[in-house]
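A.B. asks: Provided herewith is a single structure, encoded as structure tokens, for subsequent inquiry.
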Amino acid sequence: MHHMTLAEIARGLADKKFSSVELTQTLLARIAQLDPQINSFISLTQDLALSQAKAADERRANGESGALLGAPIAHKDLFCTQGIRTSCGSKMLDNFKAPYDATVVAKLAAAGAVTLGKTNMDEFAMGSANESSWYGAVKNPWNLEHVPGGSSGGSAAAVAARLLPAATATDTGGSIRQPAAFTNLTGVKPTYGRVSRWGMIAYASSLDQGGPLARTAEDCAILLQGMAGFDPNDSTSIDEPVPDYSAGLNGSLQGLRIGVPKEYFSAGLDPRIAELIHNSIKELEKLGAVIKEISLPNMQHAIPAYYVIAPAEASSNLSRFDGVRFGYRCENPENLEDLYKRSRGEGFGSEVQRRIMVGAYALSAGYYDAYYLKAQKIRRLVKNDFMSAFNEVDIILGPTTPNPAWKLGAKSSDPVAAYLEDVYTITANLAGLPGLSMPAGFVDGLPVGVQLLAPYFQEGRLLNVAHQYQLNTDWHTRTPTGF
């Protein structure tokens, strides 16, 4: 059962080939057996999962149906889950049990999804490798000496290792798409505002967006359907109708205009990945797509702009973790200032401290105009580049990452080298656009992803293209040895 996709599980439950309780018990046993190798979970919720599975079976027995009813998933450990530890991968929140469910968690629970646990992540979602978690690094199931990508590496590794069919994740600068590429999965970063951020512990509020990680575009469509929608609790949520993503999967690609930015194929891209991307382009051409070279001239400025804006927002968002109201508190503080300093110094890891300091500096008097304001102007230029491009093409295609997954620890001493791995993904977050990564082949036995970007609220178009591609290729069906 562990090799079944969400779509196959839905059909199996509907046909009474197995129950949700049986499936949940099977996957919980598999997690207990295999997860020590990859460290993809921070918390397991066996009792909750079995009670939800039993309730889902009863709902089906009473005539209810639904693609997520009884389907096992896991949540990235920054989605608040009532009464369950929500740690954000940090010592700061190791003792925090959320008093309420995030909107995403509540919506999926209402749809009947079964929560197996909370997945490991880079601390406060800050990282590209899942090595900054206080609970230890996550390992890539395709090669246990390599990173799974971050910050949603726990969700990605768990799905790739067939511990569960799908998981929630978040994407601030590529943290759904990059782990998807590194672990041979499909991952979707929706349009900013498409999925509620209420109850999702913030890293950078204008960039963060929740989305699905799964093995196929079909499964991502199912999970995104359950996650998306307007939420009055979230001031950044957009009241836009949510289409039936599954119904749109089988549309023809005949005449689809695909833009390929010339800036994507620079000296920084591994030539073996470039070849796989060109192979993907040829496959889509066979399906009727029309390819056109385009330009995104301000892409080169995206990384420096992002690494001013995101840390600036993080320095503001993380100021609430001060040892007073919740979370970690230092022992025997001498006074209030000592409480603040030691609680934050002991509770936050080095990467989080680095980004808080960068952000505080960028927002400080005398530097705001020189850094933060200028970064926001670059952000507008990046968005304008995309708007011009989408006047000519329907989607944009390119690599998800410039390199395959690197070895654990290989970039630990050089944070900037890790930041540069986000070069293809962060532009979508700066512009608020939807993006998708799907499997496109392998380099040295490690997965490679191809990225698709679309205009606002066109997640269905991305899923349609990815699904048609996956009907004609088999990269997404490959399984890591030993799992």
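A.B. asks: Starting from the residue with the highest accessible area, list S65, S19 in decreasing order, probe 1.4 Å. Intermediate results must be reported in sequence, preceding the final value.
C.D. replies: On the way: S65 95, S19 30 Å².
Sorted descending by solvent-accessible area, the residues read S65, S19.
A.B. asks: Ok, one more. Can you compute 3J(HN,Hα) from phi for each residue in region 413-430, using the Karplus curve 6.51 cos²θ - 1.76 cosθ + 1.60 with θ = phi - 60°, rounded to whole Hz and x for Gly and Pro?
C.D. replies: With coefficients 6.51, -1.76 and 1.60, one gets 8, 9, x, 5, 4, 5, 4, 5, 5, 8, 4, 8, 9, 5, 4, 5, 6, 4 Hz.
A.B. asks: Using a basic spin-label model with each label point 7 Å from the Cα along Cα→Cβ, how many nm lie between E334 and Q353?
C.D. replies: So the label points at E334 and Q353 sit 1.8 nm apart.
A.B. asks: For region 99-136 and region 395-411, write down the distance between their C-alpha centroids in whole Å.
C.D. replies: 23
A.B. asks: Estimate the FRET efficiency between R380 and S205 by the formula 1/(1 + (r/R0)^6), using the beta-carbon distance for r and 25 Å for R0, to the nearest 0.05.
C.D. replies: 0.90
A.B. asks: Calculate the translational D of region 423-483 in whole µm² s⁻¹ from Stokes-Einstein, where the hydrodynamic radius comes from the Kirkwood formula applied to all Cα pairs, the temperature is 4 °C and the viscosity 1.567 mPa s. Mind showing how you got there, number by number?
C.D. replies: Details: Rh = 12.9 Å.
It comes out at roughly 100 µm²/s.
A.B. asks: Using a Förster distance of 22 Å, how high is the FRET efficiency between T479 and Q37, based on the Cβ-Cβ distance and rounded to 0.05?
C.D. replies: 0.90
A.B. asks: Moving on. Show me, bin by bin at 10 Å from 0, the whole-percent P(r) of region 25-111 based on Cα pairs.
C.D. replies: 15, 43, 34, 7, 1
A.B. asks: May I pose another question? How about region 317-382: which GluC sites (Glu not before Pro) there lie in a loop by DSSP and see at most 16 other Cβ atoms within 10 Å?
C.D. replies: Those satisfying the criteria are E331, E334.
A.B. asks: Which whole-number percentage describes the relative contact order of region 393-481, with Cα contacts under 8 Å and a sequence gap of 6 or more?
C.D. replies: Relative contact order, region 393-481: 32 percent.
A.B. asks: Hey, any idea what % of the chain's accessible area is carbon plus sulfur with a 1.4 Å probe?
C.D. replies: That share works out to 51 percent.
A.B. asks: Counting only DSSP beta bridges with both residues in the chain, tell me the antiparallel percent, nearest 5.
C.D. replies: 70
A.B. asks: To continue, here is another question. Find, among the trypsin sites (Lys or Arg not before Pro) in region 258-287, those assigned to loop by DSSP (not H, G, I, E, B) with at most 15 other beta-carbon atoms within 10 angstrom.
C.D. replies: Those that pass, being in a loop and sparsely packed, number zero.
A.B. asks: Using only the C-alpha atoms of region 326-476, find the volume of their convex hull and express it per residue in Å³.
C.D. replies: Values: hull volume 27.6 nm³, N = 151.
Enclosed volume per residue, from the Cα hull, is 183 Å³.
A.B. asks: Next up: Using θ = phi - 60° and the Karplus form 6.51 cos²θ - 1.76 cosθ + 1.60, what ³J(HN,Hα) does each residue of region 140-145 get, whole Hz, x for Gly and Pro?
C.D. replies: Listing the rounded values in order: 7, x, 6, 6, 5, 8 Hz.
A.B. asks: Something else now. Provide, in order from the shortest bin, the percent of all Cα-Cα pairs of region 109-239 in each 10 Å bin, continuing until the bin that contains the maximum pair distance.
C.D. replies: 14, 46, 33, 6, 0
A.B. asks: Based on Cα positions only, what radius of gyration and what Dmax would you give for the chain, in angstroms?
C.D. replies: Cα only, the chain: 21.1, 70 Å (Rg, Dmax).
A.B. asks: In the structure shown, do any of K107/K286; K139/K189; K292/K411 have a Cα-Cα gap over 29 Å, and if so which? Intermediate results must be reported in sequence, preceding the final value.
C.D. replies: Numbers: K107/K286 39 Å; K139/K189 22 Å; K292/K411 35 Å.
Long pairs (Cα-Cα over 29 Å): K107/K286; K292/K411.
A.B. asks: Now for a different question. Tell me, in nm to one decimal, what length is gained between S388 and E145 on full extension, where the rule is 0.36 nm per residue of separation less the Cα-Cα distance? Numbers along the way, then the final one.
C.D. replies: Details: separation 243, 0.36 × 243 = 87.48 nm, distance 4.20 nm.
Roughly 83.3 nm would be gained on extension.
A.B. asks: For the peptides 302-308, 146-152, 264-270, what is the packing order when you average, over each peptide's residues, the other Cβ atoms within 10 Å and list the highest mean first? Walk me through the numbers before you get to the answer.
C.D. replies: Working: 302-308: 22.3, 146-152: 32.3, 264-270: 14.4.
Going by the mean number of other Cβ atoms within 10 Å, highest first, we get 146-152, 302-308, 264-270.
A.B. asks: Next question. Kindly report the accessible area of the chain per residue (heavy atoms of protein chains, probe 1.4 Å, no ligands, DNA or RNA), in Å². Could the numbers behind the result be given before it?
C.D. replies: On the way: 17520 Å² over 483 residues.
Normalised by residue count, the accessible surface of the chain is 36 Å².
A.B. asks: At a 1.4 Å probe radius, which order do H467, H2, H278 fall into by accessible area, largest first?
C.D. replies: Result, largest first: H278, H2, H467.
A.B. asks: Accessible surface of W475 in the full protein assembly, 1.4 angstrom probe, to the nearest 10 Å²?
C.D. replies: 70
A.B. asks: Mind giving me the nanometre distance, one decimal, between the label points for S266 and R59, set 7 Å out from Cα along Cα→Cβ?
C.D. replies: Between S266 and R59, the simple spin-label model gives 4.7 nm.
A.B. asks: Would you calculate, for the chain, the mean residue ellipticity at 222 nm contributed by helices, counting each DSSP H stretch of 4 or more residues as -39,500 (n - 2.57) and dividing by all residues, to the nearest 500?
C.D. replies: -11000 deg cm²/dmol
The values are calculated or read from the model by the stated rules, or taken from the named source; none is laboratory data. Here the structure is a predicted model, which means the values were calculated and not measured. All Cβ positions, even for glycine, are placed from backbone atoms using ideal geometry, and neighbour counts span all protein chains on display. Each accessible area value is taken on the protein alone, full model and side chains, heavy atoms only, with ligands, DNA and RNA left out. Shrake-Rupley method; radii C 1.70, N 1.55, O 1.52, S 1.80 Å.
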